[in-house]
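Student: Just passing along the structure, written as C-alpha coordinates.
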Amino acid sequence: MCLGIPGQIIAIVDKSAQLVEVDVLGVRRVIDVLCVLEEEQSITDLLGCWVLIHVGFAMSLIDENEARRTLEALERMGTLENETTALSLTAVPQGVTQTGSQ
Amino acid sequence: MPHNYNREAFRDPSLVNKLFAIIEATAKRIAPTRTVPITIMEVCGGHTHTIFRYGLETRLPDLIEFAHGPGCPVCVLPRGRIEEAIAIARHPEVIFTTFGDAMRVPGEKGSLMLARAQGADVRMVYSPLDALRLAQENPNKKVVFFAIGFETTIPSTALTLLRAKALGVQNFFLLCCHITIIPTLKALLEQPDFRVDGFIAPGHVSIVIGTQPYTFIAEKFFRPVVIAGFEPVDVLSSLLMILQQIEQGKALVQNQYTRVVTERGNAKALAAIEQVYEPKLECEWRGFGKIAYSGLQLREQWHHYDAERHFRVTPSKVSDSTILQCGAVLTGRIKPQQCVAFGASCTPNTPLGALMVSSEGACAAYYQYQGIQKWSQ
(Lines give C-alpha, C1' and ligand atoms only; values in the text may rest on other atoms or scores of the structure.)
Protein backbone atom coordinates (compact mmCIF):
# COMPACT_ATOMS: atom_id res chain seq x y z
CA MET A 1 0.00 0.00 0.00
CA CYS A 2 2.73 2.48 0.89
CA LEU A 3 5.71 1.44 -1.22
CA GLY A 4 4.22 1.85 -4.67
CA ILE A 5 5.34 -0.02 -7.75
CA PRO A 6 6.85 1.10 -11.08
CA GLY A 7 5.00 0.52 -14.32
CA GLN A 8 5.34 1.58 -17.95
CA ILE A 9 2.55 3.44 -19.73
CA ILE A 10 1.61 1.40 -22.78
CA ALA A 11 -1.71 2.86 -23.94
CA ILE A 12 -3.99 5.82 -23.48
CA VAL A 13 -7.42 4.68 -22.31
CA ASP A 14 -9.33 7.93 -21.82
CA LYS A 15 -7.69 11.23 -22.64
CA SER A 16 -10.21 13.50 -20.90
CA ALA A 17 -10.34 11.32 -17.76
CA GLN A 18 -6.52 11.04 -17.62
CA LEU A 19 -6.65 7.25 -17.67
CA VAL A 20 -3.87 5.14 -19.16
CA GLU A 21 -2.95 1.49 -19.23
CA VAL A 22 0.30 0.41 -17.60
CA ASP A 23 2.32 -2.74 -17.71
CA VAL A 24 3.75 -3.90 -14.38
CA LEU A 25 5.82 -7.00 -14.94
CA GLY A 26 3.30 -8.32 -17.45
CA VAL A 27 0.24 -7.36 -15.39
CA ARG A 28 -1.80 -4.68 -17.14
CA ARG A 29 -4.21 -2.31 -15.53
CA VAL A 30 -5.75 1.12 -15.89
CA ILE A 31 -4.37 3.93 -13.75
CA ASP A 32 -4.93 7.67 -13.30
CA VAL A 33 -2.05 9.95 -14.38
CA LEU A 34 -3.42 13.39 -13.43
CA CYS A 35 -0.73 13.95 -10.79
CA VAL A 36 2.16 13.51 -13.24
CA LEU A 37 0.70 15.52 -16.12
CA GLU A 38 2.23 18.96 -16.50
CA GLU A 39 -0.03 21.88 -17.35
CA GLU A 40 -0.52 22.06 -21.12
CA GLN A 41 1.10 18.64 -21.57
CA SER A 42 -0.70 16.13 -23.77
CA ILE A 43 -1.37 12.78 -22.17
CA THR A 44 0.00 11.07 -25.28
CA ASP A 45 3.44 12.44 -24.37
CA LEU A 46 3.40 9.96 -21.50
CA LEU A 47 3.29 6.89 -23.75
CA GLY A 48 6.33 4.75 -23.00
CA CYS A 49 7.12 6.64 -19.77
CA TRP A 50 7.73 4.90 -16.46
CA VAL A 51 5.79 5.98 -13.40
CA LEU A 52 5.71 5.10 -9.71
CA ILE A 53 2.17 3.90 -9.00
CA HIS A 54 0.37 4.13 -5.68
CA VAL A 55 -2.95 2.29 -5.45
CA GLY A 56 -3.94 3.06 -9.03
CA PHE A 57 -2.49 6.57 -9.34
CA ALA A 58 0.83 7.59 -10.90
CA MET A 59 2.51 9.78 -8.28
CA SER A 60 5.89 10.37 -9.88
CA LEU A 61 7.64 10.03 -13.22
CA ILE A 62 10.78 7.92 -12.96
CA ASP A 63 13.39 6.89 -15.47
CA GLU A 64 13.68 3.35 -16.72
CA ASN A 65 16.80 2.59 -14.68
CA GLU A 66 15.12 3.78 -11.49
CA ALA A 67 12.05 1.68 -12.36
CA ARG A 68 14.12 -1.45 -12.84
CA ARG A 69 16.14 -0.80 -9.67
CA THR A 70 12.93 -0.34 -7.69
CA LEU A 71 11.36 -3.51 -9.07
CA GLU A 72 14.54 -5.38 -8.21
CA ALA A 73 14.55 -3.90 -4.69
CA LEU A 74 10.88 -4.80 -4.15
CA GLU A 75 11.62 -8.33 -5.27
CA ARG A 76 14.55 -8.62 -2.86
CA MET A 77 12.41 -7.28 -0.05
CA GLY A 78 9.82 -9.95 -0.75
CA THR A 79 7.06 -7.41 -1.33
CA LEU A 80 6.86 -7.57 -5.13
CA GLU A 81 4.52 -10.55 -5.15
CA ASN A 82 2.04 -8.86 -2.81
CA GLU A 83 1.90 -5.81 -5.06
CA THR A 84 1.48 -7.70 -8.32
CA THR A 85 -1.14 -9.98 -6.74
CA ALA A 86 -3.08 -6.92 -5.62
CA LEU A 87 -2.72 -5.38 -9.08
CA SER A 88 -3.97 -8.58 -10.67
CA LEU A 89 -7.26 -8.27 -8.78
CA THR A 90 -8.41 -5.74 -11.33
CA ALA A 91 -6.04 -6.32 -14.21
CA VAL A 92 -7.01 -5.68 -17.81
CA PRO A 93 -7.43 -9.11 -19.44
CA GLN A 94 -4.80 -9.72 -22.09
CA GLY A 95 -6.01 -9.11 -25.63
CA VAL A 96 -8.60 -6.43 -24.83
CA THR A 97 -6.21 -3.53 -24.51
CA GLN A 98 -7.58 -0.25 -25.75
CA THR A 99 -4.90 1.46 -27.74
CA GLY A 100 -4.36 4.96 -29.04
CA SER A 101 -5.88 8.13 -27.73
CA GLN A 102 -9.54 8.87 -27.69
CA MET B 1 23.79 -14.87 17.26
CA PRO B 2 21.86 -11.83 16.07
CA HIS B 3 23.66 -11.46 12.73
CA ASN B 4 21.01 -13.02 10.55
CA TYR B 5 21.23 -10.45 7.78
CA ASN B 6 21.20 -11.64 4.22
CA ARG B 7 24.40 -10.61 2.43
CA GLU B 8 23.15 -11.85 -0.93
CA ALA B 9 20.12 -9.63 -0.69
CA PHE B 10 22.14 -6.45 -1.13
CA ARG B 11 22.30 -5.19 -4.68
CA ASP B 12 25.67 -3.59 -4.07
CA PRO B 13 27.37 -5.28 -1.09
CA SER B 14 30.61 -3.29 -1.46
CA LEU B 15 28.75 0.02 -1.18
CA VAL B 16 26.79 -1.26 1.80
CA ASN B 17 29.98 -2.40 3.52
CA LYS B 18 31.60 0.95 2.83
CA LEU B 19 28.62 2.76 4.33
CA PHE B 20 28.72 0.60 7.45
CA ALA B 21 32.43 1.39 7.81
CA ILE B 22 31.90 5.16 7.51
CA ILE B 23 28.95 5.02 9.93
CA GLU B 24 31.12 3.18 12.44
CA ALA B 25 33.98 5.68 12.10
CA THR B 26 31.56 8.60 12.48
CA ALA B 27 29.95 7.00 15.54
CA LYS B 28 33.38 6.55 17.12
CA ARG B 29 34.10 10.25 16.75
CA ILE B 30 30.71 11.17 18.24
CA ALA B 31 30.85 8.63 21.10
CA PRO B 32 32.94 10.73 23.57
CA THR B 33 30.26 13.44 23.48
CA ARG B 34 27.41 11.06 24.37
CA THR B 35 26.24 9.55 27.63
CA VAL B 36 23.30 7.74 26.02
CA PRO B 37 22.99 6.01 22.63
CA ILE B 38 21.98 7.98 19.54
CA THR B 39 18.38 7.04 18.73
CA ILE B 40 17.20 7.46 15.16
CA MET B 41 13.52 7.03 14.34
CA GLU B 42 12.55 5.63 10.98
CA VAL B 43 9.06 6.99 10.59
CA CYS B 44 7.82 4.81 7.75
CA GLY B 45 6.79 1.17 8.03
CA GLY B 46 8.50 0.56 4.68
CA HIS B 47 11.82 1.60 6.23
CA THR B 48 11.14 -0.64 9.23
CA HIS B 49 10.66 -3.49 6.79
CA THR B 50 13.97 -2.69 5.03
CA ILE B 51 15.86 -2.45 8.34
CA PHE B 52 14.67 -5.87 9.45
CA ARG B 53 14.67 -7.59 6.07
CA TYR B 54 18.35 -6.76 5.65
CA GLY B 55 19.31 -6.94 9.33
CA LEU B 56 20.75 -3.42 9.18
CA GLU B 57 20.35 -2.85 12.92
CA THR B 58 22.48 -5.87 13.76
CA ARG B 59 25.50 -4.41 11.94
CA LEU B 60 25.39 -0.95 13.49
CA PRO B 61 27.69 0.21 16.29
CA ASP B 62 26.24 -0.06 19.82
CA LEU B 63 26.04 3.72 19.99
CA ILE B 64 23.24 3.79 17.39
CA GLU B 65 19.73 2.53 17.95
CA PHE B 66 16.63 2.63 15.79
CA ALA B 67 13.26 3.59 17.22
CA HIS B 68 10.57 2.25 14.94
CA GLY B 69 8.06 4.95 14.25
CA PRO B 70 4.31 5.24 13.79
CA GLY B 71 4.27 5.08 10.01
CA CYS B 72 2.28 1.92 9.51
CA PRO B 73 -1.31 3.09 8.97
CA VAL B 74 -2.77 -0.38 9.36
CA CYS B 75 -1.05 -0.78 12.73
CA VAL B 76 -2.34 2.45 14.22
CA LEU B 77 -5.95 1.99 13.11
CA PRO B 78 -8.01 1.89 16.35
CA ARG B 79 -9.95 -1.28 17.00
CA GLY B 80 -13.14 0.76 17.26
CA ARG B 81 -12.77 1.88 13.63
CA ILE B 82 -12.61 -1.76 12.53
CA GLU B 83 -15.85 -2.38 14.44
CA GLU B 84 -17.43 0.58 12.63
CA ALA B 85 -16.23 -0.79 9.28
CA ILE B 86 -17.71 -4.21 10.09
CA ALA B 87 -21.02 -2.63 11.17
CA ILE B 88 -21.27 -0.87 7.79
CA ALA B 89 -20.18 -3.97 5.87
CA ARG B 90 -23.01 -5.98 7.46
CA HIS B 91 -25.69 -3.81 5.85
CA PRO B 92 -27.28 -6.05 3.20
CA GLU B 93 -27.21 -3.34 0.53
CA VAL B 94 -23.48 -2.65 1.02
CA ILE B 95 -20.45 -3.79 -0.92
CA PHE B 96 -17.59 -2.94 1.45
CA THR B 97 -14.23 -2.51 -0.29
CA THR B 98 -10.80 -2.30 1.28
CA PHE B 99 -7.08 -2.60 0.65
CA GLY B 100 -5.97 -6.12 1.47
CA ASP B 101 -3.85 -4.91 4.41
CA ALA B 102 -6.91 -4.02 6.47
CA MET B 103 -8.74 -7.32 5.98
CA ARG B 104 -7.35 -9.18 8.96
CA VAL B 105 -6.85 -6.34 11.44
CA PRO B 106 -8.73 -7.41 14.56
CA GLY B 107 -11.46 -5.25 16.01
CA GLU B 108 -13.15 -6.15 19.26
CA LYS B 109 -15.09 -9.13 17.98
CA GLY B 110 -13.41 -10.02 14.72
CA SER B 111 -12.01 -8.74 11.45
CA LEU B 112 -13.40 -7.76 8.06
CA MET B 113 -12.23 -11.15 6.84
CA LEU B 114 -14.36 -12.85 9.50
CA ALA B 115 -17.31 -10.62 8.61
CA ARG B 116 -16.94 -11.76 5.00
CA ALA B 117 -16.90 -15.41 6.09
CA GLN B 118 -20.12 -14.69 7.99
CA GLY B 119 -21.83 -13.37 4.87
CA ALA B 120 -20.98 -9.67 4.57
CA ASP B 121 -20.03 -8.56 1.05
CA VAL B 122 -16.44 -7.47 1.76
CA ARG B 123 -14.15 -7.20 -1.24
CA MET B 124 -10.43 -6.59 -1.46
CA VAL B 125 -9.48 -4.01 -4.10
CA TYR B 126 -6.17 -2.63 -5.30
CA SER B 127 -7.35 0.95 -5.75
CA PRO B 128 -10.26 3.18 -4.73
CA LEU B 129 -10.85 3.48 -8.50
CA ASP B 130 -11.86 -0.20 -8.42
CA ALA B 131 -14.41 0.59 -5.72
CA LEU B 132 -15.82 3.43 -7.81
CA ARG B 133 -16.14 1.11 -10.78
CA LEU B 134 -18.02 -1.40 -8.60
CA ALA B 135 -20.41 1.41 -7.66
CA GLN B 136 -21.02 2.15 -11.35
CA GLU B 137 -21.55 -1.53 -12.11
CA ASN B 138 -23.89 -2.06 -9.15
CA PRO B 139 -26.29 0.88 -9.08
CA ASN B 140 -28.63 -0.90 -6.65
CA LYS B 141 -25.86 -1.37 -4.10
CA LYS B 142 -24.05 1.10 -1.87
CA VAL B 143 -20.30 0.74 -2.33
CA VAL B 144 -18.16 1.87 0.59
CA PHE B 145 -14.39 2.26 0.37
CA PHE B 146 -12.35 1.98 3.59
CA ALA B 147 -10.06 4.99 3.19
CA ILE B 148 -6.98 4.32 5.28
CA GLY B 149 -3.37 5.43 5.02
CA PHE B 150 -1.08 8.43 5.13
CA GLU B 151 -0.32 10.80 2.27
CA THR B 152 0.67 7.89 0.01
CA THR B 153 -3.01 6.93 -0.30
CA ILE B 154 -4.84 10.18 0.61
CA PRO B 155 -4.53 11.67 -2.92
CA SER B 156 -5.99 8.48 -4.38
CA THR B 157 -9.20 8.68 -2.37
CA ALA B 158 -9.51 12.45 -2.88
CA LEU B 159 -9.08 12.08 -6.65
CA THR B 160 -11.52 9.15 -6.72
CA LEU B 161 -14.14 11.26 -4.95
CA LEU B 162 -13.59 14.08 -7.43
CA ARG B 163 -14.05 11.54 -10.20
CA ALA B 164 -17.23 10.15 -8.55
CA LYS B 165 -18.68 13.65 -8.46
CA ALA B 166 -17.73 14.33 -12.09
CA LEU B 167 -19.38 11.06 -13.13
CA GLY B 168 -22.48 11.74 -11.02
CA VAL B 169 -22.08 8.49 -9.07
CA GLN B 170 -24.44 8.62 -6.07
CA ASN B 171 -23.91 5.18 -4.49
CA PHE B 172 -20.22 5.54 -3.59
CA PHE B 173 -19.09 6.36 -0.04
CA LEU B 174 -15.84 6.71 1.89
CA LEU B 175 -15.23 5.57 5.45
CA CYS B 176 -12.47 8.08 6.08
CA CYS B 177 -9.74 6.95 8.47
CA HIS B 178 -6.86 8.83 6.84
CA ILE B 179 -4.09 10.18 9.05
CA THR B 180 -1.35 12.67 8.28
CA ILE B 181 2.29 12.49 9.22
CA ILE B 182 3.27 16.01 10.25
CA PRO B 183 0.89 16.48 13.26
CA THR B 184 1.94 13.03 14.40
CA LEU B 185 5.64 13.87 14.40
CA LYS B 186 4.85 17.13 16.19
CA ALA B 187 2.91 15.25 18.90
CA LEU B 188 5.84 12.87 19.37
CA LEU B 189 8.34 15.72 19.61
CA GLU B 190 6.23 17.52 22.22
CA GLN B 191 6.33 14.55 24.58
CA PRO B 192 8.74 15.41 27.41
CA ASP B 193 10.46 12.02 27.45
CA PHE B 194 10.83 11.69 23.68
CA ARG B 195 14.47 10.76 23.28
CA VAL B 196 14.84 10.43 19.51
CA ASP B 197 17.85 12.35 18.12
CA GLY B 198 16.98 12.38 14.43
CA PHE B 199 14.47 11.18 11.84
CA ILE B 200 14.67 9.10 8.71
CA ALA B 201 11.58 10.56 7.05
CA PRO B 202 9.28 8.66 4.70
CA GLY B 203 10.15 8.71 1.00
CA HIS B 204 6.81 8.09 -0.63
CA VAL B 205 4.76 10.29 1.69
CA SER B 206 7.29 13.00 0.84
CA ILE B 207 6.69 12.57 -2.92
CA VAL B 208 3.29 14.04 -2.10
CA ILE B 209 4.05 16.57 0.67
CA GLY B 210 7.63 17.53 -0.32
CA THR B 211 10.49 18.31 2.06
CA GLN B 212 9.30 21.71 3.23
CA PRO B 213 6.73 20.55 5.88
CA TYR B 214 9.53 18.94 7.94
CA THR B 215 11.34 22.24 8.47
CA PHE B 216 9.82 22.79 11.94
CA ILE B 217 11.52 19.63 13.21
CA ALA B 218 14.94 21.07 12.44
CA GLU B 219 14.18 24.68 13.35
CA LYS B 220 11.96 24.31 16.41
CA PHE B 221 13.03 20.95 17.83
CA PHE B 222 16.62 20.97 16.56
CA ARG B 223 16.56 17.40 15.24
CA PRO B 224 18.07 16.37 11.88
CA VAL B 225 15.63 15.01 9.30
CA VAL B 226 16.66 13.07 6.19
CA ILE B 227 14.05 11.95 3.65
CA ALA B 228 15.04 8.50 2.44
CA GLY B 229 14.32 5.97 -0.28
CA PHE B 230 13.55 2.46 0.90
CA GLU B 231 16.53 0.46 -0.38
CA PRO B 232 19.20 -0.53 2.15
CA VAL B 233 21.71 1.89 0.60
CA ASP B 234 19.14 4.69 0.91
CA VAL B 235 18.48 3.95 4.59
CA LEU B 236 22.18 3.67 5.45
CA SER B 237 23.09 6.81 3.47
CA SER B 238 20.36 8.70 5.31
CA LEU B 239 21.52 7.41 8.67
CA LEU B 240 25.03 8.60 7.84
CA MET B 241 23.71 12.04 6.82
CA ILE B 242 21.97 12.33 10.21
CA LEU B 243 25.13 11.27 12.08
CA GLN B 244 27.17 13.84 10.16
CA GLN B 245 24.68 16.53 11.17
CA ILE B 246 24.89 15.43 14.81
CA GLU B 247 28.70 15.47 14.65
CA GLN B 248 28.67 18.98 13.23
CA GLY B 249 26.03 20.18 15.71
CA LYS B 250 23.55 20.88 12.93
CA ALA B 251 19.84 20.21 12.50
CA LEU B 252 18.75 20.39 8.87
CA VAL B 253 16.17 18.85 6.58
CA GLN B 254 18.04 16.95 3.89
CA ASN B 255 16.71 14.99 0.97
CA GLN B 256 18.46 11.70 0.20
CA TYR B 257 15.62 10.58 -2.10
CA THR B 258 16.10 13.30 -4.72
CA ARG B 259 15.24 10.77 -7.41
CA VAL B 260 11.55 11.42 -6.75
CA VAL B 261 11.11 13.86 -3.84
CA THR B 262 11.02 17.64 -4.37
CA GLU B 263 10.81 20.55 -1.96
CA ARG B 264 7.16 21.35 -2.68
CA GLY B 265 5.77 17.87 -3.34
CA ASN B 266 3.10 17.05 -5.89
CA ALA B 267 0.93 20.14 -6.40
CA LYS B 268 -1.99 18.32 -8.00
CA ALA B 269 -2.14 15.68 -5.28
CA LEU B 270 -2.00 18.36 -2.57
CA ALA B 271 -4.72 20.40 -4.29
CA ALA B 272 -7.02 17.36 -4.45
CA ILE B 273 -6.46 16.64 -0.75
CA GLU B 274 -7.19 20.27 0.12
CA GLN B 275 -10.36 20.27 -1.95
CA VAL B 276 -11.85 17.15 -0.36
CA TYR B 277 -10.48 16.88 3.18
CA GLU B 278 -9.94 19.01 6.27
CA PRO B 279 -8.15 18.13 9.52
CA LYS B 280 -10.21 16.76 12.40
CA LEU B 281 -9.75 18.43 15.77
CA GLU B 282 -8.38 15.19 17.10
CA CYS B 283 -7.95 11.65 15.93
CA GLU B 284 -7.49 8.47 17.90
CA TRP B 285 -4.52 6.21 17.20
CA ARG B 286 -4.19 2.66 18.31
CA GLY B 287 -1.53 2.46 21.02
CA PHE B 288 -1.13 6.23 21.10
CA GLY B 289 -4.34 7.86 22.24
CA LYS B 290 -5.58 11.04 20.61
CA ILE B 291 -3.42 13.30 18.46
CA ALA B 292 -4.65 16.78 17.59
CA TYR B 293 -5.28 17.49 13.90
CA SER B 294 -3.73 14.17 12.84
CA GLY B 295 -6.83 12.77 11.15
CA LEU B 296 -8.77 13.94 8.13
CA GLN B 297 -12.50 14.25 7.55
CA LEU B 298 -14.52 15.09 4.46
CA ARG B 299 -15.29 18.77 4.02
CA GLU B 300 -18.93 19.77 4.40
CA GLN B 301 -19.66 19.84 0.67
CA TRP B 302 -18.61 16.17 0.48
CA HIS B 303 -20.70 14.96 3.43
CA HIS B 304 -23.10 13.03 1.21
CA TYR B 305 -20.19 10.72 0.33
CA ASP B 306 -19.39 10.16 4.01
CA ALA B 307 -20.17 6.58 5.04
CA GLU B 308 -20.15 7.48 8.74
CA ARG B 309 -22.91 10.03 8.22
CA HIS B 310 -24.88 8.00 5.70
CA PHE B 311 -24.99 4.85 7.82
CA ARG B 312 -25.22 6.81 11.09
CA VAL B 313 -22.40 4.83 12.60
CA THR B 314 -22.21 4.90 16.38
CA PRO B 315 -18.58 5.63 17.29
CA SER B 316 -17.10 2.52 18.78
CA LYS B 317 -14.56 2.79 21.58
CA VAL B 318 -12.49 -0.33 22.10
CA SER B 319 -9.58 -0.12 24.50
CA ASP B 320 -6.38 -2.00 23.89
CA SER B 321 -5.39 -4.61 26.46
CA THR B 322 -3.82 -2.94 29.48
CA ILE B 323 -0.80 -5.25 29.40
CA LEU B 324 0.24 -3.97 25.97
CA GLN B 325 2.92 -1.28 25.63
CA CYS B 326 2.44 -0.30 21.98
CA GLY B 327 2.71 3.40 22.81
CA ALA B 328 6.05 2.94 24.56
CA VAL B 329 7.41 0.99 21.57
CA LEU B 330 6.11 3.60 19.13
CA THR B 331 7.82 6.41 20.98
CA GLY B 332 11.10 4.52 21.25
CA ARG B 333 10.97 4.15 25.06
CA ILE B 334 11.14 0.35 24.91
CA LYS B 335 12.04 -2.30 22.36
CA PRO B 336 9.26 -4.66 21.19
CA GLN B 337 10.65 -7.64 23.08
CA GLN B 338 10.46 -5.70 26.36
CA CYS B 339 6.65 -5.79 26.21
CA VAL B 340 5.36 -8.75 28.27
CA ALA B 341 2.86 -9.73 25.58
CA PHE B 342 5.49 -9.89 22.78
CA GLY B 343 5.74 -13.40 21.39
CA ALA B 344 3.52 -14.76 24.17
CA SER B 345 -0.09 -13.64 23.88
CA CYS B 346 0.73 -11.24 21.00
CA THR B 347 2.10 -12.83 17.81
CA PRO B 348 1.65 -12.12 14.07
CA ASN B 349 -0.97 -14.89 13.89
CA THR B 350 -2.83 -13.66 16.98
CA PRO B 351 -2.03 -9.95 17.13
CA LEU B 352 -3.26 -8.14 20.23
CA GLY B 353 -1.35 -4.95 19.68
CA ALA B 354 -1.18 -2.49 16.84
CA LEU B 355 2.43 -3.13 15.89
CA MET B 356 2.02 -6.89 15.52
CA VAL B 357 -0.75 -6.56 12.94
CA SER B 358 1.02 -5.69 9.69
CA SER B 359 4.37 -6.93 8.39
CA GLU B 360 5.48 -3.29 8.46
CA GLY B 361 4.78 -2.98 12.18
CA ALA B 362 7.84 -2.97 14.42
CA CYS B 363 6.74 -5.90 16.59
CA ALA B 364 5.80 -8.10 13.62
CA ALA B 365 9.14 -7.27 12.00
CA TYR B 366 11.05 -8.15 15.18
CA TYR B 367 9.13 -11.38 15.44
CA GLN B 368 9.50 -12.34 11.80
CA TYR B 369 13.13 -11.54 11.19
CA GLN B 370 14.88 -11.90 14.50
CA GLY B 371 13.26 -15.09 15.75
CA ILE B 372 11.26 -15.63 18.88
CA GLN B 373 13.85 -17.90 20.46
CA LYS B 374 16.32 -15.08 20.78
CA TRP B 375 13.90 -12.99 22.84
CA SER B 376 12.77 -15.81 25.05
CA GLN B 377 16.31 -16.69 26.06
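The values are calculated or read from the model by the stated rules, or taken from the named source; none is laboratory data. Owing to the predicted nature of the structure, the values given are computational and were not obtained by experimental measurement. As a convention, Cβ positions derive from the backbone with ideal geometry for all residues, glycine included, and neighbour counts pool all protein chains shown. All accessible areas refer to the heavy atoms of the entire protein, side chains included, with ligands and DNA or RNA removed. Shrake-Rupley method; radii C 1.70, N 1.55, O 1.52, S 1.80 Å.
Student: Using the structure shown, decide if B:Gly110 is within 13 Å of chain A (Cβ to nearest Cβ), open to solvent by 10 Å² or more (accessible area, probe 1.4 Å) and within 24 Å of B:Asn349 (Cβ to Cβ).
Tutor: No, not satisfied.
Student: Any residue at all in the range A:67-76 that is free of Cβ contacts under 8 Å to residues at least 12 places away in the same chain and closer than 25 Å to B:Asp130 by Cβ?
Tutor: Checked the range A:67-76: at least one residue is free of Cβ contacts under 8 Å to residues at least 12 places away in the same chain and closer than 25 Å to B:Asp130 by Cβ.
Student: Still on this structure: Quick check on the range B:147-161: of everything there that is more than 19 Å from B:Met103 (Cβ to Cβ) and outside any loop (DSSP other than H, G, I, E, B), which residue is farthest from the other protein chains (Cβ to nearest Cβ)?
Tutor: B:Leu161
Student: State which residue is farthest from B:Leu188 (Cα to Cα) when the search covers only the range B:294-307 and only residues that are open to solvent by 60 Å² or more (accessible area, probe 1.4 Å) and part of a helix (DSSP H, G or I).
Tutor: Top of the filtered list is B:His304.
Student: Here's another thing I want to ask about it. Which of the residues spanning the range B:20-51 are closer than 22 Å to B:Ser206 by Cα and among the hydrophobic types (A, V, I, L, M, F, W, C)?
Tutor: B:Ile40, B:Met41, B:Val43, B:Cys44, B:Ile51
Student: So B:Pro92 fits all but one of (1) open to solvent by less than 50 Å² (accessible area, probe 1.4 Å); (2) in a loop (DSSP other than H, G, I, E, B); (3) not hydroxyl-bearing (Ser, Thr, Tyr); what number is the exception?
Tutor: (1)
Student: Pick from the range B:308-328 the residues that are in contact (Cβ under 8 Å) with a residue 40 or more places away in the chain and not in a loop (DSSP other than H, G, I, E, B): which of them is most open to solvent (accessible area, probe 1.4 Å)?
Tutor: The qualifying residue most open to solvent (accessible area, probe 1.4 Å) is B:His310.
Student: For B:Arg333, state whether it is of a type outside the set (Asp, Glu) and either at positive phi or modelled with pLDDT under 95 (or both).
Tutor: Here the answer is yes, as B:Arg333 does meet what is asked.
Student: Of the residues that sit in the range B:176-213 and are in contact with a Lys or Arg (Cβ under 8 Å, 6 or more places away or on another chain) and farther than 17 Å from B:Met41 by Cα, which one is surrounded by the fewest Cβ atoms within 10 Å (Cβ to Cβ)?
Tutor: Applying the filter and picking the extreme gives B:Gln212.
Student: Checking the condition more than 10 Å from chain A (Cβ to nearest Cβ) and under 23 Å from B:Glu282 (Cα atoms), which residue from B:Ala164, B:Ala135, B:Ala187 passes?
Tutor: Sole residue among the options that is more than 10 Å from chain A (Cβ to nearest Cβ) and under 23 Å from B:Glu282 (Cα atoms): B:Ala187.
Student: Considering (1) more than 15 Å from the chain's Cα centre (by Cα); (2) open to solvent by less than 10 Å² (accessible area, probe 1.4 Å), say which one B:Thr50 fails and leave the rest.
Tutor: (1)
Student: Quickly run through the range B:308-330 and pick out the residues that are at pLDDT 85 or above and out of contact with any Cys (no Cβ under 8 Å at 6 or more places or on another chain).
Tutor: B:Arg309, B:His310, B:Phe311, B:Arg312, B:Val313
Student: Considering only the range A:14-24, I want to know if a residue exists there that is over 19 Å from B:Ala272 (Cβ atoms), within 14 Å of another protein chain (Cβ to nearest Cβ), modelled with pLDDT under 95 and surrounded by 15 or more Cβ atoms within 10 Å (Cβ to Cβ).
Tutor: Among the residues of the range A:14-24, at least one is over 19 Å from B:Ala272 (Cβ atoms), within 14 Å of another protein chain (Cβ to nearest Cβ), modelled with pLDDT under 95 and surrounded by 15 or more Cβ atoms within 10 Å (Cβ to Cβ), which makes the answer yes.
Student: Looking only at the range B:246-283, how many residues end up being assigned to a helix (DSSP H, G or I), over 19 Å from B:Ser206 (Cα atoms) and free of Cβ contacts under 8 Å to residues at least 12 places away in the same chain?
Tutor: Qualifying residue count for the region: 0.
Student: Using beta carbons and a limit of 7 Å, which pairs, at least six apart or on different chains, have the first residue in the range B:201-216 and within 16 Å of B:Ser238 (Cα to Cα) and the second one surrounded by fewer than 24 Cβ atoms within 10 Å (Cβ to Cβ) and of a type in the set (A, V, I, L, M, F, W, C)?
Tutor: Short answer, once both residue conditions are applied: B:Thr211/B:Val253; B:Tyr214/B:Val253.
Student: Looking at B:Pro32, B:Pro2, which is the one that is open to solvent by 30 Å² or more (accessible area, probe 1.4 Å), out of contact with any strand residue (DSSP E or B) (no Cβ under 7 Å at 6 or more places or on another chain) and either at pLDDT below 95 or assigned to a loop (DSSP other than H, G, I, E, B) (or both)?
Tutor: Step by step, each of B:Pro32, B:Pro2 is checked, and only B:Pro2 is open to solvent by 30 Å² or more (accessible area, probe 1.4 Å), out of contact with any strand residue (DSSP E or B) (no Cβ under 7 Å at 6 or more places or on another chain) and either at pLDDT below 95 or assigned to a loop (DSSP other than H, G, I, E, B) (or both).
Student: Where residues in the range B:220-234 are surrounded by 19 or more Cβ atoms within 10 Å (Cβ to Cβ) and at pLDDT 95 or above, which of them is farthest from A:Leu34 (Cα to Cα)?
Tutor: B:Arg223
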